[in-house]
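Down below is the structure, laid out as structure tokens.
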Amino acid sequence: MRAAERRRMTSQEMVTWRSLIDTTAELRRRLAAQLAADSGLSPGDYAVLLALSEARDRRLRSSELAAAIDWERSRLSHHLARMEKRGLITRVEYATDSRGAEVVLTENGARTFRASTGPHMSAVKKHFGDALTPEQFASLDDILSTLRDHLGTGGD
């Protein structure tokens, strides 16, 4: 019987689901604390800086940035105001359309991001990578791929 054909999850499946929720929350908490301690950045700061560092000319329209990091535009706007005060980003009117703004990674923001990446990746390795064997990574990749396909995201 395929998983989708069952009507209810078993007790053990519910325990596994809860374990996934609790474990990922603890992982996010530890990584956030380490990121803040190492670089003074929040996970939100890091997500914004990562998206901008990968963007052409290190700039994105606000709407594109919100979509890239999967945030509501109002949440992003408030967060960007705080980042702008810290000199990590700047907002400029879009050159060909006065209705929107572009978010631009500053030199300070790029420097801060570069300095944070090594320690952050070390923390990811310590709290996540070091816990799993290569076989477990392969199994987890298979599970996540199956979930992405089920959700219709295809990894995009």
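Against the test of being on the phi < 0 side of the Ramachandran plot and in contact (Cβ under 8 Å) with a residue 12 or more places away in the chain, the options A37, A47, A25, A66 yield a single qualifying residue, A47. T90 fulfils the conditions (1) assigned to a loop (DSSP other than H, G, I, E, B); (2) of a type in the set (S, T, Y); (3) surrounded by 11 or more Cβ atoms within 10 Å (Cβ to Cβ) except for a single criterion, (1).
Of all residues being surrounded by 12 or more Cβ atoms within 10 Å (Cβ to Cβ) and not in a helix (DSSP H, G or I) in the stretch 101-156, which is modelled with the lowest pLDDT? Just the residue, please. Here the residue is A101.
The values are calculated or read from the model by the stated rules, or taken from the named source; none is laboratory data. If you're wondering where the values come from, they're calculated on a predicted model, not measured in any experiment. Note that each Cβ is placed from the backbone with ideal geometry, even for glycine, and that neighbours are counted across all protein chains shown.
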